[in-house]
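Presented below is the structure to which this report refers.
No value in this document is a laboratory result; all are computed from the given coordinates. Just so we're clear, the structure is a prediction, and the values are computed from it rather than from any experiment. We place every Cβ from the backbone using ideal geometry, glycine too, and count neighbours over all the protein chains shown.
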Amino acid sequence: MKTYKELGVKDEFIKALKEINIETPTEIQEKAIPFLIEDRTDFIGQAQTGTGKTIAFGIPLLQAIDNNDSRIQALILSPTRELCQQIAKQLFKLTKFSNKIFIESVYGGEKIEDQIRALSRPTHIVVATPGRLIDLLDRKAIDLSQVETIVLDEADEMLSMGFKDELENILRHTTGSRNTWLFSATIPENLKAIIGKYMDTDAYKVEINKRNIVNSSIEHQFLTCDPRHKFESLVQFLNVQGGDSGIIFCRTKTDTQDLVNKLLSKNFVADAIHGDLQQREREKAMRAFKKHKIQLLVTTDVSARGIDVDDLCFVVHYNLPEKLEYYTHRSGRTARAGKKGVSLSIIDAKETRRIRQIEQALNIKFKRISEK
């Protein structure tokens, strides 16, 4: 296993990595960083959630920035505001010992006028959600003409959230000599179409765990029960977990809020994140969860993007996801940073066939558990 120095990372960034207790490169970092530092061409990195992709593209971006040029030189697109905030925060931490690099994040849920004012200052890297970036482009409030690198992070999720038109619009705005770096847990057909249209045909590709796109440190379990007893089964599971932190996934916003209310009635410390909440309410719940002031976070698939908690012990699929790739993203919330985790699906007997389909498609094995 190579060191960050052997990968070509400069001393000031190695020092910043040590400051946040990161000393050993992950597999995606070991394979991506040297190439992205040296070759500066189109790149496709397929790796599961929680494998250190932000550092894999972040360090090469930071090392390429020209501090004497105050214009936007790199653009990072991600599916949600939570993930935008997370990426910008990590990049900022990496610049602690380097020459000043200015990073701005722009996303919905905040006043666009404030973001326009922030972008009027020197800005080297912009982290954005597709929708808000289109708003800024329409207002001619952002200049992407000098962008040398565009990163599509969680690209499959951006497409599954309906951002295809926005992505194509943005890619058209940044055509020219720029490089495109795409990172994704899965490469579905609609993403292959974008790759074929906007990326070099000889783009360098790295696949981590090609036969196992779901983190191998996760133990996949399922429990069958009568739908009328689903909540009781969940409570039994949670009691076994003690005070460990976890995320529970529901299919709809209504289901999410209803489940939180039922958990609170059983004296669990829980909160919800879903699309009907104000941004400040979502951020308040996330802060409390990350600081372990609440044990359980109940959420929908869309709202869960950007949740990055190293000590997350389990995820529960209270409802199975509608799309296969959502199972990968959901499960990837646990077993991060080399730790173990549990992914439990609570189903009725009719859904057992769906479990077998997930096993076959993702090359994983479920363990059937019984109610206590």
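Just Thr299, Thr174, Thr334 to compare: in a GNM of the chain, with alpha carbon springs under 10 Å, which one fluctuates most?
Ranking Thr299, Thr174, Thr334 by mean-square fluctuation puts Thr174 first.
Among Phe92, Ala128, Ile76, whose Cα lies farthest out toward the positive end of the dipole of the chain, if unit charges sit on the beta carbon of Lys, Arg (+1) and Asp, Glu (-1)?
Phe92
Report the relative contact order of region 154-298, percent, no decimals, based on alpha-carbon pairs under 8 angstrom and at least 6 residues apart.
Values: 86 pairs, mean separation 27.4, N = 145.
Across region 154-298, relative contact order equals 19 percent.
How large is the translational diffusion coefficient of the chain in µm² per second when you combine the Kirkwood radius over alpha carbon pairs with Stokes-Einstein at 37 °C and 0.692 mPa s?
Numbers: Rh = 21.5 Å.
Estimated via Stokes-Einstein, D reaches 153 µm²/s.
Just subtract the alpha-carbon distance of Lys293 and Glu281 from 0.36 nm times their residue separation and send over the number in nm, one decimal. Walk me through the numbers before you get to the answer.
On the way: separation 12, 0.36 × 12 = 4.32 nm, distance 1.49 nm.
Stretched fully, the Lys293-Glu281 segment lengthens by 2.8 nm.
Select from Glu30, Glu148, Glu359 the residue whose mean-square fluctuation is largest in a Gaussian network model of the chain (Cα-Cα springs shorter than 10 Å).
Maximum fluctuation in the GNM of the chain, among the listed residues, is at Glu359.
Can you compute 3J(HN,Hα) from phi for each residue in region 110-122, using the Karplus curve 6.51 cos²θ - 1.76 cosθ + 1.60 with θ = phi - 60°, rounded to whole Hz and x for Gly and Pro?
10, 5, 5, 5, 5, 6, 5, 5, 5, 6, 6, 7, x
In nanometres, what is the gap between the two model label sites at Arg40 and Ile369, each 7 Å from Cα along Cα-to-Cβ?
Spacing of the two 7 Å Cα→Cβ label points: 5.1 nm.
Gaussian network model of the chain, Cα springs within a sub-10 Å range: biggest mean-square fluctuation belongs to which of Asn239, Asn67, Asn179?
So, out of Asn239, Asn67, Asn179, the one fluctuating most is Asn239.
In debye, nearest 20: dipole of the chain around its Cα centre with unit charges on the Cβ of K, R (+) and D, E (-)? Could the numbers behind the result be given before it?
Working: 56 positive and 52 negative charges, 181 e Å.
So the magnitude is around 880 debye.
In whole Å and largest first, what semi-axes does the C-alpha gyration tensor of region 73-226 yield when each eigenvalue is scaled by 5 and square-rooted? Could you put the intermediate results ahead of the total?
Numbers: eigenvalues 163, 77, 59 Å².
Whole-Å semi-axes of the equivalent ellipsoid: 29, 20, 17.
Can you tell me the length gained on complete extension of the stretch Glu23 to Gln357, counting 0.36 nm per residue apart and subtracting the Cα distance?
Details: separation 334, 0.36 × 334 = 120.24 nm, distance 3.83 nm.
Extra length from Glu23 to Gln357 when fully extended: 116.4 nm.
Roughly how far apart, in whole Å, are the Cα centres of region 61-79 and region 226-262?
42 Å
Check the straight Cα-Cα distances from Lys284 and name the aspartates and glutamates below 17 Å, setting aside those fewer than 8 residues away within the same chain.
List returned: Glu82, Glu110, Asp271, Asp276, Asp308.
Using the alpha carbon gyration tensor of region 142-186, what are the three equivalent-ellipsoid semi-axes (square root of 5 times each eigenvalue), largest first, in whole Å? Please list the in-between numbers first.
Values: eigenvalues 78, 32, 10 Å².
Working through the eigenvalues yields semi-axes of 20, 13, 7 Å.
In deg cm²/dmol, rounded to 500, what helix-only [θ] at 222 nm does the chain give when every DSSP H run of at least 4 residues adds -39500 (n - 2.57) and the total is split over its residues?
Values: 14 runs with 146 residues, N = 372.
Taken over the chain, the calculation gives -11500 deg cm²/dmol.
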